[in-house]
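Colleague: Dumping the structure here so I can ask a few things about it.
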Amino acid sequence: MKLLRARLNNFGIYSGDIIIDFVSSNNTARAPEVVLFMGNNGSGKTTLFEAISLCILGPFFSGKKMPSKDYRNHLMNRIHADSSKRNTTAQIKTRFSYTEAGRTYQIEVSRSWSIRKDTISENLQVCVIDESGHMDFITNPQEFLLNLYPIGLSQLVFFDGEKIKEFAETSNSHALLKDGFHAITGIDLVKRARKDVSLYLSSLDKTKSSSLQKEYQQVVSEIGLISQKIEHTKELIKSIKLGLSDSLKKISEIEQRLAREGSGFAKDRQKKIRIVTQLEHQIESIKKDIAGLAEGILPFSFCPTLSKKLKTQLRNELDFLAFQDRKEAIQDVRGVLASAFSNASIWDIEIDEERRTNIYTRINHILESMLTTPESISEIRHNLSKSERYLFIRLIDDLQDFGSTKLQELVNELNEKTEILVKTKSDLERVPADEVVRPLIEELNARSRKLSRQELKLESLHELVKLLEQSIEIKEREKAKILEQIRKESSETRKAGLAGNAIEVLQEFEDYLLQRRIKELESVFKVVFNNLRPPSKQIERVDIDAENLTANLYRNNTDYTASSMLSAGEKQLYAVALLLSILRLSNRSFPLLVDTPLARLDRKHRKSVIENLLSLSCDQLILFATNTEMTKSIRETIAPHIIQEYKIRFNGKKGSSSLVVTTGVST
């Protein structure tokens, strides 16, 4: 997709008609083609930038739908007012090319406004022109434009560089980037499809039993409330984690001071801390041993007489089972012998029938003597396999090695270790008399107690989140059960079932696609971020949170920095790298409009950002830059890509700006 032309009439700081060409006969320019607008602050760069986005997006140009009253007031202020009179009409037209299914169309968007009696009205027209010149006016123009430029995507392809700082510092900005990420990678299409199917399913549910409908709505409402609690709790967890980080930092500082000013005590304290850690591990190991006894042979130790009887019974049952197996084998042998002795033709020597009968009788008598039934058992009492019987016999045999003191030994050892642990922790709390060390120890103990409280609070909040998530799972199952009841009562059962299955499949696919795209984003982000940073600050990998697009930046396998803990300048660099990485993932080509792309960046990062912008897979890059941004180095970088350049000049006497073409075809 490429912007071809724009026309402004009495919009903002521009009086009369302003016509802008975004194409040129300069076929030697490198891709992407760059259209450059240069001007001082206040000359009208942002007005041009806003005009194009406003023409296409209308009340959604700011990233979300503007309330009707605010939108009308904004438009009233954007109609150009001369020094002598106020204009009552204004218009913006844009034309761009669009390729679909191998065919190229031109789309012309016209948005005009007129003022009558202090009220403003808007007229929007969208016309699609095919290759033959046939014109087709769109019935629902705003919906058509939003399908071309989804809201999340528009915030990336119409990007205001002045917002870099805001993107770096506010959580709302991460939501905007997340929307853009979903739009560019196609996740929003899956979300929209799932929501549409959900709406369809809800429309079917309206015909169902009113009581079930009320139950369903109640469960949905409860799920929403629980979700809100989860989000609130997660925010508290984030806050406490920040507090934990601060506490650990303070404790580290105190311990360093303590090492300098009270080295003897510090060493002893570190030794005791190691002892505490070792004791805690040992106590945990003893508890596991006790638990293991409880799961293994310990139950048998409480009833040795019965255990011996059980062992005898199991051995007898094994003997009986062996006898049954032997009996079956002998019966099979008997059958084979009977067949053999009755057939004279299989004998190699001539033998009369009487002798064959005597031989068969003797062999059969021997086999019969092997079938004596064991007297020790008359029935099988336990429905167990052979391997299970052998297992229980082994456990009972282990009782001889187990002894009656094993459990008591473990309990005694546990008590002993616990007493030492309590005493050692108490020693850690003792404050020495040294006036230099004493204040440090008191502060360290206070900080440590605070850290313990924070850790306990954090643990309880994590448990609360688990409980709430379990509650949601229960409610979801309840919701699914109600939906199933509704489906059974509905004449639309088949449709509802298909819709429910579709929702589940779409949700699974959305989760899969999100994880896949996040991995792709992590890979691209690493390259882009490293390109913007010096070699000494390169990262090896990055883990990006799919929920809020924050990240942990790893310099090696263990040393990482959370994006929220970066310096103000690094946060801006992170936001730029994230924005560029998301744009690189796009499989659709849009003209990329960037207002004041470098204003918020320091000089050492500007060239890297421009080079990354030029490496994006877009057909057209439109830059609105100040004279101070376009340094000699920056201009040399983009010069091979420029197909059209305009200078914006403000006339103070007339109170309006004009465009002067400095490169390309004159307009």
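Colleague: Rank LEU467, ASN501, ASN530 by how far each Cα sits towards the positive end of the charge dipole of the stretch 454-530 (+1 on Lys, Arg Cβ; -1 on Asp, Glu Cβ) and give me just the farthest.
Modeller: Positive-end residue among those listed: ASN501.
Colleague: Relative to the Cα centre, what is the charge dipole magnitude of the stretch 1-132, using +1 at the beta carbon of each Lys and Arg, -1 at the beta carbon of each Asp and Glu, and rounding to the nearest 20 debye?
Modeller: In total the dipole reaches around 420 debye.
Colleague: Could you give the length gained by full extension between GLU409 and LEU199, i.e. 0.36 nm per residue of separation minus their alpha carbon distance, to one decimal place?
Modeller: Contour length minus Cα-Cα distance gives 69.1 nm.
Colleague: Further question on the same structure: Round to a whole angstrom and tell me the spacing of the C-alpha centers of the stretch 453-481 and the stretch 12-52.
Modeller: Using only Cα atoms, the two centres lie 54 Å from each other.
Colleague: Could you tell me which residue out of ALA551, LEU583, VAL609 lies farthest along the dipole of the stretch 452-609 toward its positive end? Charges go on the beta carbon: Lys and Arg +1, Asp and Glu -1, centred on the Cα centre.
Modeller: VAL609
Colleague: Farthest toward the dipole's positive end in the stretch 1-111, which of GLN106, ASN77, ALA51, given Cβ charges of +1 (Lys, Arg) and -1 (Asp, Glu) about the Cα centre?
Modeller: Checking the options against the dipole of the stretch 1-111, the answer is ASN77.
Colleague: Using only Cα atoms, locate the centre of the stretch 616-638 and the centre of the stretch 510-550, then give the distance between them in Å, rounded to an integer.
Modeller: 25
Colleague: Then there's this: Is any residue of the stretch 83-119 close enough, with backbone N under 15 Å, to a label point placed 7 angstrom from the Cα of PHE137 along the Cα-Cβ axis, and if so, which?
Modeller: Label zone hits: 108-112.
Colleague: Shifting gears a bit: For ALA101 and LEU225 in one chain, what is 0.36 nm times their gap in residues minus the Cα-Cα distance, to one decimal in nm?
Modeller: That pair, ALA101 and LEU225, stretches by 40.1 nm at full extension.
Colleague: If each of VAL505 and GLU540 carries a label point 7 Å out from its Cα toward its Cβ, how far apart are those two points in nm?
Modeller: Placing both labels 7 Å along Cα→Cβ, they lie 4.3 nm apart.
Colleague: Stick to Cα atoms and the Kirkwood definition of Rh, then tell me Rg/Rh for the stretch 519-570.
Modeller: We get a ratio of 0.93 for the stretch 519-570.
Values in this text are rule-based calculations from the coordinates and carry no lab data. None of the values given here were measured: they were computed from a predicted structure. Using ideal geometry, Cβ is built from the backbone for each residue, glycine included, and neighbour counts are taken over all protein chains shown.
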